[in-house]
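Colleague: One structure coming up, written as structure tokens, with questions to follow.
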Amino acid sequence: MGWGPLVAAILLCLSSSTRAQTVECTVTELDGSTSTLRPGPFVPPAGAASAAAPAPRGACPNPLAVPAASKAPFFLGSATAAYQVEGAAAEGGRGPSIWDTFSHLPGKTHEGDTGDRADDFYHRWANDIALMRSLGLRNFRLSLSWTRLFPNGTVGDLNPEGVAFYDGLFDALRAACIEPWVTLYHWDLPQALQDEYGGWVDERIVEDFAAYAQAAFDLFGDRVKYWFTLNEPETFCPLGYETGTFAPGRCSDRTRCLEGNSSTEPHLCAYHAVLAHAAAVSAFRQGFCRSCGQACSLEACSLECAGESVPGGQIGMTNAIGWAAPYTGSAEDVAAAERQQSFTGAWFLDPLYRGDWPAERKAVYGDLLPSFTPEQRRFILDNPQDFIALQHYTGNYVYQNATNPPLLLSSTTKSSDGYQLPQADSPWLFVFPKALRSLLGWLHRRYGAPIIITENGVSAPGEASKPVLEVLCDQFRLSYFQQYISNATAAKRDDGVDLRGYFAWSLLDNFEWADGYSKRFGITYVDFDSLARYYKASAMWLSSWFGMGAVTSAAGA
């Protein structure tokens, strides 16, 4: 099915002469109804930056919303990550991370872009919370900067300025009735640990990460109950330690990397990531109840202590998983697609739920894969996560190819009837909405666990090179959300998938790793010179779909 018939969307963008420089966007929903949105500058309300006391327990609305299309409750929100938005890289006692080092090396990022300033969330978070409130967000996923809390990576050097920053942020989120969902590690490993022992390729990372996790739970567990251990190890292990295209930039190719072994290091990284995750979950289960002497549930650990408390804490690892669709209905293509899906999609989930690497990876890599000991397997399975945290963007078609080892398959972005999947601005991202529903069903059948979509979004073609007023009517992104969310809600409503949440990536345009500022995923436009924020039409549409008090016009329209 083509893009036009699937979306049935018409977009008219007319520049406004209003002082606020809004634009008018007429969009058509999947059901054929139309609406008018007027995106433009976000103007923070007076007093947005003032401190506020946390809202008392029970004073906030339920963070679960019930979108009309799903007829069932979801956690709905948007997401960011520390290095991509915080900036203030050398302020507040923060130490260097591997991304600080990597991004300052010539040729490693687009035009030498770095996260030194990024969106300046470090100084502008109060206004960004006001932006979230204007959109009706009740859930916000973010990450901690490990080196802002522990500049050298070890818990003996706690940075009080870093603690104060996150204390103020979490207090303000609670005061605004926005639930924080916190990732412990979103790729910004302390450079000191990389220098000392090689970071994720050394077993010492397991103990250091667990100690950091325990400290974070102790510091912020009274205000944060939803946690993620690691963000996408299936991304940071191969790109950081096999291709060298992400920090710390290690690989075997000496024309691109000064150090590294592409044959062994990505597997060591993955192995230690699984063990570090389990160690953090163990600390979470024990630590949250230690001070009260309570027994911990394997599903959720509850704090019911004197003073402030956060009952029902939950934790998981986020995993980036695409979808491999059979090119045809032949048994050979179906089997090839399943091999590819298990090879990639079960890479980390099989160890977490079954205690070992998927058979497809063992068949390909053999002795290069570090083996879990019986004691390690038991430890992993005795510390289960509470949900699958799915990060999904794209998919492709897979067909049998007996001449193409090691999985004897090939892939394409064109269907067997000649339909070409539309490409986003990012070369790896093709719009394939039905892939999400298929993937949710596959995860449900294989693991039977609750699922939260913790990232889903798209880079719209050409946004980085266009003037702001030509970007705000982001029909490409809005249509992407319409179609993907429709498939997600269908999986929950009709397919029996225990889908519990959806987070759009991302709240803000930000530093997109090796792509620097050349790719924009935000539902909010950020002028990287002035750092002004502008609503995009997609943000306004999402606020309506979330059922949280929609905003349809920017201030001044």
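Laboratory data are not the source of any read-out in this text; all were calculated from the coordinates shown. The shown structure was predicted, so the numbers you read here are calculated from the model rather than taken from an experiment. Neighbour counts are summed over all protein chains in view; Cβ atoms, including those assigned to glycine, are modelled from backbone coordinates with ideal geometry.
Colleague: Which of the three applies to region 410-478, rounded, prolate or oblate, going by the alpha-carbon gyration tensor with a ≥ b ≥ c and a/c under 1.5 meaning rounded? Numbers along the way, then the final one.
Modeller: Working: a/c = 3.09, a/b = 1.55, b/c = 2.00.
Cα axes put region 410-478 in the oblate bin.
Colleague: Okay, next question. Amide H to amide H, which residues 5 or more places from A532 or on other chains are under 5 Å from it, using H placed in the peptide plane?
Modeller: Correct list: D527.
Colleague: Which three extents, in whole angstrom, do the alpha-carbon atoms of region 219-270 cover along their principal axes, largest first?
Modeller: 48, 16, 14
Colleague: Amide H to amide H, which residues 5 or more places from G95 or on other chains are under 5 Å from it, using H placed in the peptide plane?
Modeller: Placed amide hydrogens put R148 under 5 Å from G95.
Colleague: Could you work out how much longer the chain between W428 and Y365 gets when fully extended? Use 0.36 nm per residue separation minus the Cα distance between them, nm to one decimal.
Modeller: 20.2 nm
Colleague: I've got another one for you. Report the per residue volume, in Å³, of the convex hull enclosing the C-alpha atoms of region 325-390.
Modeller: Measuring per residue, one finds 97 Å³ for the Cα hull of region 325-390.
Colleague: Right, something else. Which FRET efficiency, nearest 0.05, do H123 and D494 yield, Cβ-Cβ r, R0 45 Å?
Modeller: It comes to 0.50.
Colleague: Report the trypsin sites (Lys or Arg not before Pro) located in region 241-290 that are in a DSSP loop and have at most 11 other Cβ atoms inside 10 Å of their Cβ, or state none.
Modeller: Filter output for region 241-290: R254.
Colleague: Please report the equivalent ellipsoid semi-axes of region 107-168, computed as sqrt(5 x eigenvalue) of the Cα gyration tensor, largest first, in whole Å.
Modeller: They are 24, 21, 10 Å, listed from largest to smallest.
Colleague: So for the chain, taking the charge dipole from beta-carbon charges (+1 Lys/Arg, -1 Asp/Glu), which of Y397, G32, M540 sits furthest toward the positive end?
Modeller: G32
Colleague: Under 20 Å from a point 7 Å along the Cα-to-Cβ line of R354: which residues of region 386-427 have their amide N that close?
Modeller: Residues passing the 20 Å test: 386-391, 406-409.
Colleague: Moving to a separate point now. Please give every one of the aspartates and glutamates within straight-line cross-link reach of K225, meaning a C-alpha to C-alpha distance under 17 Å, and leave out same-chain neighbours fewer than 8 residues apart.
Modeller: Partners found: D167, D171, E179, E299, E304, E308, D386.
Colleague: Computed from the mean reciprocal separation of all distinct C-alpha pairs, what Kirkwood hydrodynamic radius does region 69-148 have, in Å? Before the final figure, lay out the partial values.
Modeller: Details: mean 1/r = 0.0695 Å⁻¹.
Value: 14.4 Å, from the Cα pair sum.
Colleague: Sticking with this structure for a sec: For region 85-93, take each phi angle, set θ = phi - 60°, evaluate the Karplus expression 6.51 cos²θ - 1.76 cosθ + 1.60, and give the result in whole Hz per residue in order, putting x for glycine and proline.
Modeller: 10, 5, x, 6, 4, 10, 10, x, x
Colleague: Size of the dipole of region 329-372 about the Cα centre, Lys and Arg at +1 and Asp and Glu at -1 on the beta carbon, nothing else charged, in debye to 20?
Modeller: 140 debye
Colleague: Follow-up question, since we're still on this one. For the chain, what is the calculated [θ] at 222 nm in deg cm²/dmol (nearest 500), taking -39500 (n - 2.57) for each run of four or more DSSP H residues and dividing by its residue count?
Modeller: Estimated from H runs of four or more residues: -10500 deg cm²/dmol.
Colleague: First measure r as the distance between the Cβ atoms of S263 and Q286, then evaluate 1/(1 + (r/R0)^6) with R0 = 45 Å and state the FRET efficiency to the nearest 0.05. Before the final figure, lay out the partial values.
Modeller: On the way: r = 37 Å, r/R0 = 0.82.
That gives a FRET efficiency of 0.75.
Colleague: On to the next question. Packing-wise, with mean Cβ within 10 Å as the measure, how do 354-364, 200-210, 102-112, 442-452 rank, highest first?
Modeller: 200-210, 442-452, 354-364, 102-112
Colleague: Moving on to the next point. Taking Cα pairs under 8 Å and at least six residues apart, what relative contact order does the chain come out at, in percent?
Modeller: 19 percent.
Colleague: Under a cut-off of 29 Å between alpha-carbon atoms, report the lysines in cross-link reach of K519, not counting same-chain residues fewer than 8 places apart.
Modeller: The qualifying lysines are K108, K414, K434, K466, K536.
Colleague: Indicate the gyration tensor shape class of the chain (rounded, prolate or oblate), computed on the Cα atoms with a ≥ b ≥ c the square roots of the eigenvalues: a/c under 1.5 is rounded; otherwise a/b larger than b/c is prolate and the rest oblate.
Modeller: rounded
Colleague: Could you tell me which of rounded, prolate or oblate describes region 408-557, using a ≥ b ≥ c as the square roots of the eigenvalues of the alpha-carbon gyration tensor, with rounded for a/c under 1.5 and, failing that, prolate when a/b is larger than b/c and oblate otherwise?
Modeller: Taking the square roots of the gyration eigenvalues as a ≥ b ≥ c, region 408-557 is oblate.
Colleague: If you plug each phi of region 226-241 into the Karplus form 6.51 cos²θ - 1.76 cosθ + 1.60 with θ = phi - 60°, what whole-Hz ³J(HN,Hα) values come out, in order, with x for Gly and Pro?
Modeller: 10, 10, 10, 6, 10, 9, 6, x, 5, 9, 6, 6, x, 6, x, 10
Colleague: So if we plug the beta-carbon distance of V163 and D202 into 1/(1 + (r/R0)^6) with R0 = 22 Å, what FRET efficiency do we get, rounded to 0.05?
Modeller: The formula returns an efficiency of 0.20 here.
Colleague: Over the alpha carbons of region 357-485, what is the largest minus smallest coordinate on each principal axis, giving the biggest first in Å?
Modeller: That works out to 59, 41, 27 Å along the principal axes.
Colleague: Taking H placed 1.01 Å from N in the peptide plane, check which residues at least 5 places from Y226 or on another chain put their amide H under 5 Å from its amide H.
Modeller: V182, Q314
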